[in-house]
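So the structure is just underneath, and the comments pick up after that.
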Amino acid sequence: METITSLKKEISALKKEINQLELTERLATVKNDEQSEYLDSQARFRTVFESSRLGNKIISSDLTIIEINPALVELLGYDSKDELIGTKILDFSPYEHHQHWQSLQENLWNKSSPSFKLETCLKKKDGSLIWCNVNSILFEDKNETLGFTIIENITVKREIRLHKNEFINIASHELKTPLTSLKAVVQLFNKLLLKDTRINNKVLGLAKDAERYIEKLNHLVEDLLNATTLGEGQLILNKKRFSLKGLIDGCCSHIRLNGYNKIIHTGNHDVEVLADKHRIDQVLINFLNNAVKFAPHSKKIIINVDDLGDKIKVSVIDHGKGISPEFVPFLFDRYYSVDENLAFTPGFGLGLFISAEIIRKHGGQVGVETIIEKGSTFWFTLPKRFEV
């Protein structure tokens, strides 16, 4: 019996040892498979990284260049990677543009933003400058957080854009003078017509239409000037503390005059903000005009103001057709316009773009919530305390 018992113990021990060996082998197989997949992944990344026509680089949190591809070596005018690896990206940035990279560093590593975009200037080996679009993301590698950056040379594109903006700027300024004079003449003409009882209503209506079209032309010229200013980051805010009530009452007058829409105020309109009154008035008018455009038969347009403590939220609400979800992501883009039939239409499409840029310049946000056949809510926020 003792012998049998002893044999059973030995057999049990052998089984455990075999099981352990089998487990070890399986783990080794899994580990080898994972290692093989990792190496394959690394090889694919290396192929894409090296063969990309755009400049690629990997940087550490202190902006040191760890790896760089041939396209970026060529873009910066160097002969080999060795001349660049180990240097800092700030070494290739003019001093006045250092804040761009410091902002990237702050947002990616300190604020843990998933990605960051910027337009900045880089200095080549021969001292010449190029303008670049920079797109960066974070990734983890061997317990270290690194940045992967794609750099595109946009020097030629930027020159074209600057020439286009210069032309628009000059043309807009040239248009403003005759438009202002024409507007004054038409307004005087309308006053004279009103005094003459022999003029029929049709003529009076045509004269009013002429004044309205001139006003629309003025707005278009103003939009072009604003878009150019915003595009070059030259928008200057003249901020003062004021109550929203007076601003909202004033900007609504042109809507009330058409006789179709009624403006309803809700929320706390007495709240004060520190902002550029003229620019916020411009945003509200754009939002109201947009509401009339998408809800021409909606009698009620609501302006609601919410006091959210550290910021205020202004919403312009209509009960019109709403906007198709496919258009929503592009509504605040430059030159994107949707007509009242919910279809994309050619045109300047600058009103909402300018509004969004004005609010962002104030440190606020813009957005839209919309439901087909129910209506839309365009909103913006403003911080109560904000200094540029």
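Listing for the model above:
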read-out	value
Residue match in the range 128-136 (condition: assigned to a loop (DSSP other than H, G, I, E, B) and under 19 Å from Arg158 (Cα atoms))	yes
Residue list for the range 358-388, restricted to those being at pLDDT 85 or above, closer than 16 Å to Asp276 by Cα and not in a strand (DSSP E or B)	Ile358, Ile359, Arg360, Lys361, His362, Gly363, Gly364, Gln365
Check on Leu118, of a type outside the set (Val, Ile, Thr) and under 21 Å from Asp141 (Cβ atoms)	no
Failed item in (1) at pLDDT below 85; (2) in a loop (DSSP other than H, G, I, E, B), with Lys293 passing the rest	(2)
Tally of residues being of a type in the set (Ser, Thr, Tyr), surrounded by 13 or more Cβ atoms within 10 Å (Cβ to Cβ) and not in a helix (DSSP H, G or I) across the range 86-114	3
Among the residues listed as Leu352, Leu342, the single one being under 16 Å from Gln282 (Cα atoms), among the aliphatic types (A, V, I, L, M) and either at pLDDT below 80 or assigned to a helix (DSSP H, G or I) (or both)	Leu352
Cross-chain or 6+ apart pairs with Cβ under 7 Å, the range 104-129 first and aromatic (Phe, Trp, Tyr), then open to solvent by 40 Å² or more (accessible area, probe 1.4 Å)	Trp109/Ser61; Trp109/Thr145
Residue list for the range 251-268, filter: under 30 Å from the mean Cα position of the chain (by Cα) and at pLDDT 85 or above	His265, Thr266, Gly267, Asn268
Filter result for Val283 (part of a helix (DSSP H, G or I), open to solvent by 30 Å² or more (accessible area, probe 1.4 Å), of a type in the set (A, V, I, L, M) and in contact with a strand residue (DSSP E or B) (Cβ under 9 Å, 6 or more places away or on another chain))	no
Phe148, sole failed condition from (1) of a type outside the set (A, V, I, L, M); (2) in a helix (DSSP H, G or I); (3) at pLDDT 80 or above	(2)
Residues located in the range 291-313, provided they are open to solvent by less than 30 Å² (accessible area, probe 1.4 Å) and either at positive phi or in contact with a helix residue (DSSP H, G or I) (Cβ under 7 Å, 6 or more places away or on another chain) (or both)	Ile301, Ile303, Val305
Conditions (1) outside any loop (DSSP other than H, G, I, E, B); (2) touching a residue at least 40 places away in the same chain (Cβ under 8 Å): number failed by Glu140	(2)
Any hit, the range 170-179, residues being modelled with pLDDT under 75, under 30 Å from Ala71 (Cα atoms), surrounded by 12 or more Cβ atoms within 10 Å (Cβ to Cβ) and not hydrophobic (A, V, I, L, M, F, W, C)	no
Cross-chain or 6+ apart pairs with Cβ under 9 Å, the range 51-66 first and within 19 Å of Glu83 (Cβ to Cβ), then among the polar types (S, T, N, Q) and assigned to a strand (DSSP E or B)	Gly55/Thr149; Gly55/Asn153; Asn56/Thr149; Lys57/Thr149; Ile58/Thr149; Ile59/Ser136; Ile59/Thr149; Ser60/Thr145
The range 231-245 - residue that is in a helix (DSSP H, G or I) and over 14 Å from Gln282 (Cα atoms) and, of those, modelled with the lowest pLDDT	Gly231
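The values are calculated or read from the model by the stated rules, or taken from the named source; none is laboratory data. Quantities reported herein were computed from a predicted structural model and do not represent experimental measurements. Note that each Cβ is placed from the backbone with ideal geometry, even for glycine, and that neighbours are counted across all protein chains shown. To get the accessible areas, we keep the full protein, side chains included, count just its heavy atoms, and leave off ligands, DNA and RNA. Shrake-Rupley method; radii C 1.70, N 1.55, O 1.52, S 1.80 Å.
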